[in-house]
Amino acid sequence: MRRMLVLSLLLSLAGCGDGSGQPGPTPQPQPQPSSDPIDAPKNSWTWVDFPDSACDDGSPTGIAVNKGDSKNLLVFMNGGGACWNYLTCFQLNTAAHGPFGKTQFDAFVSQVGGSVLDRNTPNNPFADWNLVFVPYCTGDVHAGDNVIEYKDNNGNARTYHHVGRANIVAYLKRLGNTFSPDKIVVSGSSAGGYGAAFDYDLFRQTFPSAKGYLVDDAGPVLKGDAIASSLRDAWYQSWRLDKALEPACLECRNDLSHATKSIAQRFPNDRMALLSSTQDSVIRSYFMLSADNFQTALNTMLVDVLEPQPNYRYFVVAGTFHTFLGVPDARPAQGVKLTDWLGRMVNDDAGWQSIKP
């Protein structure tokens, strides 16, 4: 979009027409980025376009806002896979594609019933909070800042916008002028869970005086080579994951679990949580792990990475299913409903503890 704006400007300055001696068509004004507060009614969803954002195909995207009666703010980052080369991005299509604008959100919004984004979900601890939905169409777990050209085996090239983190930066310019929360929960499911963890610092920089909470739903950052070095290297190269994680975490390139440890230690007064099943069939497929190997790697991460952090807890349930926040009480852990557990988390209950089989 920026290249289009520059080209339009150059043509107008040069006085270019269509070669007939007559003036060319009048350039259409392009929408401009804004940092103005978002004006939206309470208790209904409002789609907000951001011209300085992009999906994988370069089309602009945005966010949806649902203002509530509380000052508190819940941000939910949507999931939808990941990709890092021509094969995964364009042939296997292992990540959700754009466009994603108002039309796509209007079709999607009916799916939030019964989730944490539904004010009528029983026992929902966020029922009166301000709600923000962040779509996903960048293939980079919301953590990329790179426009890259991928080529197939015949040399055919296609451009992909891995700009999930850059989009978050754009959104926060307006969200920071819209809300002054006492509490902020940064959450997401699957790719959105990873994004919530990797982008958490951006939200805390925008809302430094709020009490902060991280809810990573089905985005376990496994320890060491449980995430293969070939995958880590591809993500750093294709997404420019270094922009999100360095210099705060130089060790992350060789062990991504350091990102979890780093964010917990950078914000020691914030509460953080991981939600997972023991053999998540979706996440283990991306990491090319068997059910048993994934379960072993998950448990290693829980014991070695999360448990030493005094502000981190986990909610783990036996099974192969993927994500919790869409139907939060469908799978209790040790008889505890997730809505109750999250309520204890955000109400700063001293009895809030990790749960696993």
Is one or more of the residues making up segment 146-169 within 25 Å of SER44 (Cβ to Cβ) and either in a loop (DSSP other than H, G, I, E, B) or touching a residue at least 24 places away in the same chain (Cβ under 8 Å) (or both)?
yes
Subset of segment 296-341 that is assigned to a helix (DSSP H, G or I) and β-branched (Val, Ile, Thr) - its residue that is surrounded by the fewest Cβ atoms within 10 Å (Cβ to Cβ):
VAL303
List pairs: first residue in segment 34-55 and under 30 Å from THR159 (Cα atoms) and of a type in the set (Phe, Trp, Tyr), second residue in a strand (DSSP E or B) and modelled with pLDDT of 95 or more anywhere in the structure, Cβ distance under 9 angstrom, at least six positions apart or on different chains.
TRP47/GLY62; TRP47/ILE63; TRP47/ALA64; TRP47/VAL65; PHE50/THR61; PHE50/GLY62; PHE50/ILE63
When segment 17-68 is examined, which residues are found to be more than 33 Å from the chain's Cα centre (by Cα) and either modelled with pLDDT of 95 or more or more than 28 Å from GLU149 (Cβ to Cβ) (or both)?
GLY17, ASP18, GLY19, SER20, GLY21, GLN22, PRO23, GLY24, PRO25, THR26
Working only within segment 79-125, note down all residues that are part of a loop (DSSP other than H, G, I, E, B), buried (at least 16 other Cβ atoms within 10 Å of the Cβ), of a type in the set (Gly, Ala, Ser) and out of contact with any Cys (no Cβ under 8 Å at 6 or more places or on another chain).
GLY79, ALA82, GLY101, GLY114, SER115
All helices (runs of 4 or more DSSP H) inside segment 201-295 with 1 or more residues being buried (at least 18 other Cβ atoms within 10 Å of the Cβ), among the small types (Gly, Ala, Ser) and within 18 Å of the chain's Cα centre (by Cα):
229-239, 241-245, 257-266
Can you tell me which condition LEU92 does not meet? The list is (1) within 13 Å of the chain's Cα centre (by Cα); (2) without any contact (Cβ under 8 Å) to a residue 12 or more places away in the chain, and all the others hold.
(1)
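The values are calculated or read from the model by the stated rules, or taken from the named source; none is laboratory data. Being a predicted model, the structure only gives us computed values, none of them experimental. FYI the Cβ positions are ideal-geometry reconstructions off the backbone, even for glycines, and counts take in every protein chain you see.
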